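Structure first, then comments.
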Amino acid sequence: STFTNMPSDVTLYVPYESLSAYQSSSWANYFSSILPIDAPVTYACQSIDANGANYNPALQEYLYDSGIASNSGYTTTTEALNLTEIEARGLEGKTNLTSLVNILSNFPNLVRISNNAFRNCTNLRNVDIPSSVTYLGATAFEGCTRLENCYMDNSHIDNLHASTFWGCSALTTVTLPSTQTFIGESAFHNCGSLIGLYCYATTPPEVYTGAFDDKSNIRLYVPSSAVSAYQNSTYWQGFRSYNAI
């Protein structure tokens, strides 16, 4: 009897994401109409897939709204919840992309950054990969010549694939997560400015022989309980210093 004697022309307003659930439930028996509290705003966007397939409107919408992307097509703000992957070559060569700090975290279900996703984004300077991400593809940041810092410590990535940071000549600091288990071939090839590598894994990850060009200038920072393990690991010999985080 909650709604007994209520006028027959009452409208119920609910969260947009729950609209269809309310409309198909018993709530529909008591209200003349059920509408969203805030209808999603529509922006003009373009596909981020190089081949025009696997359209990811949510990320492109954000980039458009931030002045990074150009107009083409339409989408809604609520689709940000549906974004799970940045496809291969998705944002390759976007020279007006300067930062990925506090951007990827807008997409809580993002789990994959595929091969070449940000390759040759030559003005990209800072990257922060959120906790939802578990996969970072090969050559994901290859050729990002102005990239200075990449923070992955909040992510759940376990594998740096081949040539992830190939040619990132301005890269000075990289932070790897506690889930890291492997660093692949040429992951840091031609990264001559790299001086600080932070790795939160308590077990030293396996490192491919050609992952680094020269480790002698890189200061390694690891959990205090694992310093000796890294110093004694076959994979982690030759760094300039071994320091506790």
So residue 89, is it open to solvent by 40 Å² or more (accessible area, probe 1.4 Å), at pLDDT 85 or above and at positive phi: yes
Quick one: is residue 71 surrounded by fewer than 18 Cβ atoms within 10 Å (Cβ to Cβ), at pLDDT 65 or above and out of contact with any Ser or Thr (no Cβ under 6 Å at 6 or more places or on another chain)? no
Which residue pairs have Cβ atoms under 6 Å apart, sit 6 or more places apart or on different chains, and have a first residue in region 214-229 that is in contact (Cβ under 8 Å) with a residue 12 or more places away in the chain and surrounded by 17 or more Cβ atoms within 10 Å (Cβ to Cβ) and a second that is of a type in the set (Lys, Arg) and part of a loop (DSSP other than H, G, I, E, B)? 218/240
Answer residue from region 186-199, given it is within 14 Å of residue 160 (Cβ to Cβ) and hydrophobic (A, V, I, L, M, F, W, C) and is surrounded by the most Cβ atoms within 10 Å (Cβ to Cβ) among those: 188
Residue check, residue 185 within 20 Å of the chain's Cα centre (by Cα) and either farther than 22 Å from residue 98 by Cα or modelled with pLDDT of 95 or more (or both): no
For region 129-147, what are the residues that are in contact with a Phe, Trp or Tyr (Cβ under 8 Å, 6 or more places away or on another chain) and among the charged types (D, E, K, R)? 142
Going by the conditions given, is residue 242 in contact with a strand residue (DSSP E or B) (Cβ under 7 Å, 6 or more places away or on another chain), surrounded by fewer than 18 Cβ atoms within 10 Å (Cβ to Cβ) and without any contact (Cβ under 8 Å) to a residue 24 or more places away in the chain? yes
Answer with yes or no whether residue 179 is at pLDDT below 95, in a loop (DSSP other than H, G, I, E, B) and of a type in the set (Val, Ile, Thr). no
Among the residues of region 167-185, count how many are farther than 13 Å from residue 222 by Cβ and open to solvent by 10 Å² or more (accessible area, probe 1.4 Å). 9
So, in region 136-166, exactly how many residues are outside any strand (DSSP E or B), farther than 14 Å from residue 117 by Cα and open to solvent by less than 20 Å² (accessible area, probe 1.4 Å)? 4
Step by step: first the residues of region 114-129, then only those that are open to solvent by 20 Å² or more (accessible area, probe 1.4 Å) and over 14 Å from residue 160 (Cα atoms), then the one that is nearest to the chain's Cα centre (by Cα). Which residue is that? 128
Residues that are in a strand (DSSP E or B) and open to solvent by 60 Å² or more (accessible area, probe 1.4 Å), drawn from region 92-113: 112
Given (1) in a loop (DSSP other than H, G, I, E, B); (2) modelled with pLDDT of 95 or more; (3) open to solvent by less than 60 Å² (accessible area, probe 1.4 Å), where does residue 202 come up short, assuming only one miss? (3)
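The values are calculated or read from the model by the stated rules, or taken from the named source; none is laboratory data. The shown structure was predicted, so the numbers you read here are calculated from the model rather than taken from an experiment. Cβ: placed from backbone, ideal geometry, glycine included. Neighbour counts: every protein chain shown. Side chains are part of the model used for accessible areas, which takes the heavy atoms of the whole protein and leaves out ligands, DNA and RNA. Shrake-Rupley method; radii C 1.70, N 1.55, O 1.52, S 1.80 Å.
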